[in-house]
Amino acid sequence: MTRNGILILCSLELVALPLSAQDWTKESKDRTKRTALHGAAQLVRGDSGKWNDDPRLQHAPPLARKPEKTTLDAWADQLLKQKVELTDKDDNWLIFRSEQLDDNDRIWIERIERRGQQITIIANQAKWQGKYFRNFTYYQAIGLNLGKLPPGQYETKMIIQPLAFSKFEGDGKALDSNWPKDERPADKKPSELRITFTVK
C-alpha cells in the first residue's frame, strides 16, 4: 500500500471513531431485575376508567419536568397536546404505553440500542397461559431515559416480542413482584412501533 493510501485509510478511521463513540447499548440480562431499564413505570388498571387498546410510543422531556402530583400516564396525555422541543442539553425520554393486558401478563424492556441516529428498543410482552381465579386488566406506562443526544433527527423503533408463560418465579403466585419462570416465544409475530423526533 502506498504512503498516500495509508494516510487516507488512517484519516478514514479517525473520522469513524467519533461516530462509533456515540453508539451505546443498555441491556438488562438479570432475570431478577427486569425493570432495570425502566426510568419510571405505572400500572393503569382497567377499573380506573382508563383503557388502552393500542400501544403507543412518544417522545418526552426529562421526567423532572413532570408536575409533582401528575401521574406518568396523565403527563403522557398532556404531552400529546404539546409540541416537545428539546436541545442537546436536555435528557430525552420516551414513554411507552402498552396495550390493555390481563393482570397476570407481564411486560418489560430488555434492551435499548443507539446506532447513530437510529434507536431500537426491545420489549418483551409475556401473556399468562394458566387459569385465572380473578380477572383485572391494566396497561403499563413505562418511561425510558435516553440521556442527552446530539442535534439531529432520530428514528426510533420499538419491537414488542410476544411471549407466553404458565409458571411464575418465587412462590409461584401471580403477585405483582413475581416474574415469568418459563417464558417462551408465542405463536405470533413481533409488533413494531415507530416514531421520529428532533433534537435541536
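The values are calculated or read from the model by the stated rules, or taken from the named source; none is laboratory data. Keep in mind the model is a prediction, meaning the values are calculated, not measured. Here Cβ is always computed from backbone atoms with ideal geometry, including for glycine, and neighbour counts include all displayed protein chains.
Side notes on the structure shown:
- Taken as a whole, the range 12-26 holds at least one residue that is surrounded by 17 or more Cβ atoms within 10 Å (Cβ to Cβ) and either at pLDDT 90 or above or in a loop (DSSP other than H, G, I, E, B) (or both).
- Matching option when the condition is within 21 Å of residue 50 (Cβ to Cβ), touching a residue at least 60 places away in the same chain (Cβ under 8 Å) and in a strand (DSSP E or B), among 141, 123: 141
- Selection status of residue 53, more than 13 Å from the chain's Cα centre (by Cα), part of a loop (DSSP other than H, G, I, E, B) and at pLDDT below 95: yes
- Residue under evaluation residue 178, criteria (1) in a strand (DSSP E or B); (2) in contact with a Gly (Cβ under 6 Å, 6 or more places away or on another chain), criterion not met: (1)
- Filter pass, residue 47 being touching a residue at least 60 places away in the same chain (Cβ under 8 Å) and either among the charged types (D, E, K, R) or within 21 Å of residue 151 (Cα to Cα) (or both): yes
- Odd one out for residue 147 among (1) closer than 24 Å to residue 180 by Cβ; (2) under 18 Å from the mean Cα position of the chain (by Cα): (1)
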